[in-house]
Amino acid sequence: MDLSRADWDAAVAANLTGCYLTVRHALPHLLRRGKGAIVNVSSLASIRATGYVYPVYSAAKAAVNQLTVSLALTYADRGLRANAILPGLIDTPLVARQVVDDPAEVVARHARSPTGRMGSPWDVAHAVVFLASDRAAYVNGVCLPVDGGLAARAG
């Protein structure tokens with residue numbers, strides 16, 4: 001109830017509309033080539049609660065998942081694949097800035113992961129490179145958690 005319409009619109013624009021616009025402008029080039037891979041960035045928050053309550057972010061990222069699946073099915077017969085990655089708890093500079101005054105939160109974030117540590121941006125990058133590569137030539141319409149197993153954990 002406390003989220004303003006302007007804040008809602010800004011979050012949807014950043015997290016969903018930006019994805020749509022990128023794909024919209026890339027599609028003609030990929031279709032001309034007759035092959036290609038789209039890898040969208042979603043979030044683990046799109047499929048489960050992560051401990052952070054931000055409904056507009058979760059909703060926008062869930063829409064990215066469905067956009068990805070729709071693209072995968074629409075363009076598969078034209079040589080294109082579309083997949084999404086769903087990063088979980090990733091140790092990024094933004095996270096570091098957000099928890100700079102609370103070292104206990106950093107420890108708690110590491111502890112939430114089944115691996116005992118947050119992932120790194122490289123963990124996400126390696127998943128993107130795989131999905132964009134020919135090694136993933138038969139992977140299409142997948143929303144892949146990159147989360148150290150957090151999505152598999154109940155509750």
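Among the residues of segment 106-114, are any free of Cβ contacts under 8 Å to residues at least 12 places away in the same chain and hydroxyl-bearing (Ser, Thr, Tyr)?
no
Take Ala104 and decide whether it is more than 27 Å from Tyr20 (Cβ to Cβ) and in a helix (DSSP H, G or I).
Yes.
Which of the numbered conditions does Ile90 fail, given that it passes all the others? Conditions: (1) aliphatic (A, V, I, L, M); (2) at pLDDT below 95; (3) open to solvent by 40 Å² or more (accessible area, probe 1.4 Å).
The single condition Ile90 does not satisfy is (3).
Can you tell me which residue within segment 41-81, out of those that are aliphatic (A, V, I, L, M), within 23 Å of Met1 (Cα to Cα) and in contact with a Lys or Arg (Cβ under 9 Å, 6 or more places away or on another chain), is least open to solvent (accessible area, probe 1.4 Å)?
Applying the first criterion (aliphatic (A, V, I, L, M)) to segment 41-81 yields 41, 44-45, 47, 49, 53, 56, 59-60, 62-64, 67, 69, 71-73, 76, 80.
Now narrow it down to the ones that are within 23 Å of Met1 (Cα to Cα): 45, 47, 49, 53, 56, 59-60, 62-63.
Now narrow it down to the ones that are in contact with a Lys or Arg (Cβ under 9 Å, 6 or more places away or on another chain): 45, 47.
Working: Ala45: 15, Ile47: 94 Å².
For segment 41-81, the residue satisfying everything is Ala45.
Any residue at all in segment 5-12 that's open to solvent by less than 40 Å² (accessible area, probe 1.4 Å) and either in contact (Cβ under 8 Å) with a residue 40 or more places away in the chain or part of a helix (DSSP H, G or I) (or both)?
yes
For segment 112-155, how many residues meet the condition of being assigned to a loop (DSSP other than H, G, I, E, B), open to solvent by 50 Å² or more (accessible area, probe 1.4 Å) and at pLDDT below 95?
Selection size over segment 112-155: 6.
For every residue, the table says whether it meets (1) more than 13 Å from the chain's Cα centre (by Cα); (2) over 19 Å from Leu144 (Cα atoms); (3) free of Cβ contacts under 8 Å to residues at least 12 places away in the same chain.
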| site | (1), (2), (3) |
| --- | --- |
| Ile38 | no, no, no |
| Ser42 | no, no, no |
| Ala45 | no, no, no |
| Ala49 | yes, no, yes |
| Val64 | no, no, no |
| Gly116 | yes, yes, yes |
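Within segment 75-99, work out how many residues are closer than 13 Å to Pro121 by Cβ and part of a loop (DSSP other than H, G, I, E, B).
The number of residues fulfilling the criteria is 4.
The values are calculated or read from the model by the stated rules, or taken from the named source; none is laboratory data. These numbers come from a predicted model, not from an experiment. Neighbour counts run over all protein chains shown; Cβ positions are idealised from the backbone, glycine included. These accessible areas exclude ligands, DNA and RNA; they are computed on the full protein's heavy atoms, side chains included. Shrake-Rupley method; radii C 1.70, N 1.55, O 1.52, S 1.80 Å.
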